[in-house]
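Colleague: My questions all concern the structure below.
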Amino acid sequence: MGLNVLVLAGSRPGRIDPMAQAAGISHKALLPVCGIPMIQRVIRALQSVEAIDRISICIEQPEVLTGIVPDTVTFIPPAPGPSASVMKALDLVGTPLLVTTADHALLKPEWIRSFIQAAQDSDCDVAAGIAMEDAIQRDVPGTKRTMIRLADGAFSGCNMFLFRTPAAYGVIRLWQKLEAERKHPLRMARILGPGILLRFVLRRLTRADVCRRIGQLSHARVAMVPLPDGRAAVDVDKPADLDLVVRLLSAAPAH
C-alpha cells in the first residue's frame, strides 16, 4: 500500500502571515526561494520518494496554486488548527499518512526515506522527526532554532510526522487538547501530568519519557526519530530563515 502525504500550507484563521504580506502574496507557501515557490520544492521532493502515492495539500484557496503544483495533487480544506486539519486528512485518506509543511524549503528525498524507514523499524503508531543539537550545529552552524532541552540531549522539530496506524487517532486527539491550550502552558502541563513537568524542571526528562507519557495518554506507540542531517530542522518562519535557506541552496552542488 502506498504512502499518502499531507502538506500543510494554509494560514491560521484571521491571521495574515507577515512574510506573505511583505512579499505581496496570499500565502507563505508561494514565497519564492531561489526563484521557485517553497511549496513546489516540497512537492518535488515528495514526488521523488518511491513509497509515496497520493499527495494532498491543505490550503483554504487551492486556486492560488494553479500552475505551481501538479494536477495529480488533491486538496483538503483546512480545519481550525493544524491538528484538526490532520484529523480531517486521516478521515479522508486513512493511514499511513506522512505530514509535512509547505515552508520546508530544504526538504530532501533522502531525509524522507530515512525517516520512513526508521519509523517502520521502530514499529510505532506515530513518529515525529527531530534533529539533535549537535547535528544542527554541525550542518547549520550559527543558526538559531527552537530547541527542546532534555536530559539526553537538546533537539529541534523537523516538521515531519508519520501516522502509521489507526491508533494515531489517539495522538491527534491529545494534540487537539494541547493545541487548544497553547496559550496556557500551565494547562498544557496539567494535561501531560505533574510528573512530566517535574522531571523537565529537574532536567531528568528524556525523549523516551516523553514518548512513553504521550503513549499512555493516547493509547499509541510513539517514537521520536532523529534525522541524520541537521538542515532538516530548518523551515522558513522569518526573514532570517529565508536568507539562510537561500544561502544553503546557493552553496549546494548542482545536480
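Colleague: Kindly evaluate Lys177 against the criterion of being in contact with a helix residue (DSSP H, G or I) (Cβ under 9 Å, 6 or more places away or on another chain), farther than 30 Å from Arg247 by Cβ and basic (Lys, Arg). Lay out the reasoning, then the answer.
Modeller: Details: in contact with a helix residue (DSSP H, G or I) (Cβ under 9 Å, 6 or more places away or on another chain): yes; farther than 30 Å from Arg247 by Cβ: yes; basic (Lys, Arg): yes.
Criteria met by Lys177.
Colleague: Report the residue count in the range 9-34 for those that are open to solvent by less than 40 Å² (accessible area, probe 1.4 Å), of a type in the set (A, V, I, L, M, F, W, C) and either assigned to a helix (DSSP H, G or I) or under 15 Å from Pro62 (Cα atoms) (or both).
Modeller: Result for the range 9-34: 5.
Colleague: Return the total of residues in the range 218-249 being touching a Gly at 6+ places or on another chain (Cβ under 9 Å) and open to solvent by 60 Å² or more (accessible area, probe 1.4 Å).
Modeller: The total comes to 3.
Colleague: Outside any helix (DSSP H, G or I), farther than 24 Å from Leu46 by Cβ, among the basic types (Lys, Arg) and without any contact (Cβ under 8 Å) to a residue 24 or more places away in the chain, is that true of Arg182? Show your work before the answer.
Modeller: Numbers: outside any helix (DSSP H, G or I): yes; farther than 24 Å from Leu46 by Cβ: yes; among the basic types (Lys, Arg): yes; without any contact (Cβ under 8 Å) to a residue 24 or more places away in the chain: yes.
When the stated conditions are applied, Arg182 passes them.
Per-residue answers, yes or no, for (1) modelled with pLDDT under 95; (2) of a type outside the set (A, V, I, L, M, F, W, C); (3) at positive phi; (4) touching an Asp or Glu at 6+ places or on another chain (Cβ under 9 Å):
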site: Ala220; (1), (2), (3), (4): no, no, no, yes
site: Pro226; (1), (2), (3), (4): no, yes, no, no
site: Gly230; (1), (2), (3), (4): no, yes, no, yes
site: Val234; (1), (2), (3), (4): no, no, no, yes
site: Pro239; (1), (2), (3), (4): yes, yes, no, no
site: Ser250; (1), (2), (3), (4): yes, yes, no, no
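For every residue, the table says whether it meets (1) open to solvent by 40 Å² or more (accessible area, probe 1.4 Å); (2) in contact with a Cys (Cβ under 7 Å, 6 or more places away or on another chain).
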| site | (1), (2) |
| --- | --- |
| Ala119 | no, no |
| Ala131 | no, yes |
| Ile148 | yes, no |
| Phe161 | yes, no |
| Ala167 | no, no |
| Gly170 | no, no |
| Gln176 | yes, no |
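Colleague: Name every residue in the range 57-75 that is closer than 13 Å to Gly10 by Cα and crowded, with 19+ Cβ neighbours inside 10 Å, in order of residue number.
Modeller: Residues of the range 57-75 that are closer than 13 Å to Gly10 by Cα, as a first pass: 57-65, 75.
Selection gives Ile57, Cys58, Ile59, Leu65.
Colleague: What pairs come up if the first residue lies in the range 105-119 and is farther than 22 Å from Ala9 by Cβ and of a type in the set (Gly, Ala, Ser), the second is at pLDDT 95 or above and open to solvent by less than 40 Å² (accessible area, probe 1.4 Å), and their beta carbons are under 7 Å apart, counting only those six or more places apart or on different chains?
Modeller: Ser114/Leu227; Ala118/Val225; Ala119/Ala127; Ala119/Leu162; Ala119/Ala223; Ala119/Val225
Colleague: Among the numbered criteria (1) modelled with pLDDT of 95 or more; (2) part of a strand (DSSP E or B), which one does Asp53 miss?
Modeller: Of the numbered conditions (1) modelled with pLDDT of 95 or more; (2) part of a strand (DSSP E or B), the odd one out for Asp53 is (1).
The values are calculated or read from the model by the stated rules, or taken from the named source; none is laboratory data. Owing to the predicted nature of the structure, the values given are computational and were not obtained by experimental measurement. Backbone-built Cβ (ideal geometry, glycine too); neighbour counts: all protein chains shown. All accessible areas refer to the heavy atoms of the entire protein, side chains included, with ligands and DNA or RNA removed. Shrake-Rupley method; radii C 1.70, N 1.55, O 1.52, S 1.80 Å.
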